[in-house]
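One structure below.
Derivation of every value follows stated rules applied to the coordinates shown; laboratory data play no part. Because the structure is a prediction, the values reported are computed rather than measured. Please note: Cβ atoms are built from the backbone with ideal geometry, for glycine as well, and neighbour counts cover all protein chains shown.
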Ligand SMILES: Cc1cc2nc3c(=O)[nH]c(=O)nc-3n(C[C@H](O)[C@H](O)[C@H](O)COP(=O)(O)O)c2cc1C
């Protein structure tokens, strides 16, 4: 192996490709967002927090600021083209409100995509400004999934078949095969080393 420095290139890919929904000027608006993050692991009374990073210029930001609510929808591979489209045009110029069938959850201003395998509704908790980007940290309020994507009552990645995003080569990817079990497959080494 010969390792070379590549000038601090962000290599934290693949990330999940999501479609974030918000209500802007009284209508749903949709934006493709791949810079998503898991802020913590919810336990007991502590809610789950998720982050999305949006450039300040985007139309969607206005709705998130206005209502303090948004959704994160996880499209399947079958939705690749339409997912890319909502990441190519801005709601400032093109009305994207009728592109997807809309469903409401328990929040009033976090539109959900009814034909996405999975949608989450969030209440804005904090906004962090980093340069030209706004990082919206939301508290997860509820998650809705197509029953057909469940195995033993849990969301099954193989059935959701999500779109992965790579900003290095600029590509979409799909997930491959399951390769192991976390917190189990390192146990032999743990035993040998402790
Ligand atoms: C695959 C993909 C991923 C994207 N991820 C992000 C992202 O994480 N953050 C961001 O600010 N813009 C991202 N964009 C760009 C926005 O989706 C795009 O500028 C969109 O048209 C803005 O819509 P709006 O102005 O209606 O809010 C992405 C676009 C694509 C195609």
Percent relative contact order for segment 83-175, counting Cα pairs under 8 Å at least six residues apart, stands at 16
Express in whole angstrom the spacing between the alpha-carbon centres of segment 1-28 and segment 56-88. 13
Rounded to whole angstroms and listed largest first, the alpha-carbon spread of segment 1-112 along its three principal axes comes to 55, 41, 29
Checking 40, 142, 29 against a Gaussian network model of the chain (alpha-carbon springs below 10 Å), the top fluctuating residue turns out to be 40
Rel. contact order, % - alpha carbon contacts under 8 angstrom, at least six apart, segment 15-193: 23
√(5λ) per eigenvalue of the Cα gyration tensor, the chain, largest first, Å: 30, 21, 18
In what sequence, highest mean first, do 145-158, 70-83, 10-23, 119-132 appear when ranked by Cβ atoms within 10 angstrom? 70-83, 10-23, 119-132, 145-158
Based on other C-beta atoms within 10 Å, arrange 27, 93 from fewest to most. 93, 27
